[in-house]
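A short worksheet on the structure shown next.
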């Protein structure tokens with residue numbers, strides 16, 4: 001399948017999803033605007049996703065803003081040469097500090113984050129998760145939003161678990177394995193299904209829980 005590069009691509013996929021699974025017609029009606037959330041491939045984009053791990057969107061945005069101001073431009077070399085106080089002043093936990101440093105070193109050692117976007121999702125996830133601290137959720141979100149992969153679904157995402165459970169009447173909410181199994185029926189459009197359920201969660205809870213990503217360059 002072609003990668004997701006525009007809102008038109010998302011709308012096309014949602015049409016196909018709703019035709020394949022009629023339960024999603026009402027989900028789409030409730031969800032309202034489904035956002036593209038596409039960013040550029042690269043180190044700063046992946047760092048923003050690491051920062052989004054296990055914290056609220058508001059907290060992630062605040063931490064990312066501080067970190068971007070302290071390490072500007074945000075490059076692997078800039079991170080590797082930064083004083084340890086930079087991470088503390090930004091509000092980064094020790095585990096996230098270690099992950100960002102490991103990622104910076106991996107890129108310096110030859111990990112090509114742009115090239116990963118041209119690989120199959122399975123191969124890209126294997127390479128990304130070889131970096132200490134990067135798990136499947138982080139790798140999948142990077143492929144969704146930086147690479148535009150059309151068929152990736154981050155089943156470990158708690159907001160997606162809550163949204164799918166609420167929308168489909170599953171109680172208690174499905175765990176990651178159960179959700180991954182449910183999402184298999186939405187292939188090959190799982191990337192747009194994830195966007196749909198993040199939008200549904202926003203309507204359900206009144207707040208956005210989709211991971212924050214670095215803004216693409218202007219122009």
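Numbers at a glance
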| item | result |
| --- | --- |
| Tally, over the range 103-118, of residues that are at pLDDT 95 or above and surrounded by fewer than 16 Cβ atoms within 10 Å (Cβ to Cβ) | 7 |
| Subset of the range 41-56 (residues that are surrounded by fewer than 16 Cβ atoms within 10 Å (Cβ to Cβ) and either on the phi < 0 side of the Ramachandran plot or in a helix (DSSP H, G or I) (or both)) | 56 |
| Only one of 30, 50 that is touching a helix residue (DSSP H, G or I) at 6+ places or on another chain (Cβ under 8 Å), at pLDDT 95 or above and under 19 Å from residue 163 (Cβ atoms) | 30 |
| Check on residue 168, within 14 Å of residue 24 (Cβ to Cβ) and either crowded, with 22+ Cβ neighbours inside 10 Å or not assigned by TED's automatic domain parsing to the domain that holds residue 137 (or both) | yes |
| When residues of the range 101-133 are limited to those that are part of a helix (DSSP H, G or I) and free of Cβ contacts under 8 Å to residues at least 12 places away in the same chain, the one farthest from residue 75 (Cα to Cα) | 122 |
| Count of residues meeting criterion [touching a residue at least 60 places away in the same chain (Cβ under 8 Å), within 16 Å of residue 188 (Cα to Cα) and exposed (fewer than 12 other Cβ atoms within 10 Å of the Cβ)] in the range 1-33 | 1 |
| Failed item in (1) assigned to a helix (DSSP H, G or I); (2) in contact (Cβ under 8 Å) with a residue 60 or more places away in the chain, with residue 143 passing the rest | (2) |
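The values are calculated or read from the model by the stated rules, or taken from the named source; none is laboratory data. All values reported here derive from a predicted model rather than from experimental measurement. Glycine gets a Cβ as well: all are built from the backbone with ideal geometry, and neighbour counts include every protein chain shown.
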